[in-house]
Amino acid sequence: QVQLVESGGGLVQAGGSLRLSCAASGSITSIKVMGWYRQAPGKQREFVARVINGGTTYYSDSVKGRFTISRDNDKSTVWLQMNSLKPEDTAVYYCNAQTYVTYWGQGTQVTVSS
């Protein structure tokens, strides 16, 4: 079992920055991938970024060059640095961890005003 707790969301003006954190606990040595997804009102949850064991990162085209995902060496925390935020980045952001099971955090709201 893995538990995930996100923090760092909030309200920011367009062009601003936020840093999201996700603290993992439980069977963290079993985690193979950690990442972030988001869900805007009325839309499906979508992939934002992920980091796999070994450090390789992947980003959606919509955030590439603006967001950076990073993870500490003991796999207990993953961050999402979000720069040059746009109103269309407004969503609930969810942390995700994959072992042989997929785990989700409770989500943190990010609102970008124009």
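Taken together, the values in this text are just the output of simple stated rules run on the coordinates, not laboratory data. Just so we're clear, the structure is a prediction, and the values are computed from it rather than from any experiment. Neighbour counts are summed over all protein chains in view; Cβ atoms, including those assigned to glycine, are modelled from backbone coordinates with ideal geometry.
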Subject >> Cleavage-rule hits (trypsin sites (Lys or Arg not before Pro)) in region 1-89: DSSP loop, at most 14 neighbouring Cβ within 10 angstrom >> reply: Lys32, Lys43, Lys64
**OP:** Measure off 7 Å from each Cα along the Cα-to-Cβ vector at Phe47 and Ser25, then give the distance between these two points in nanometres to one decimal.
**Re:** 3.0
**OP:** Please report, in debye to the nearest 20, how large the charge dipole of the chain is about its Cα centre when each Lys and Arg carries +1 at its beta carbon and each Asp and Glu carries -1 there.
**Re:** 120
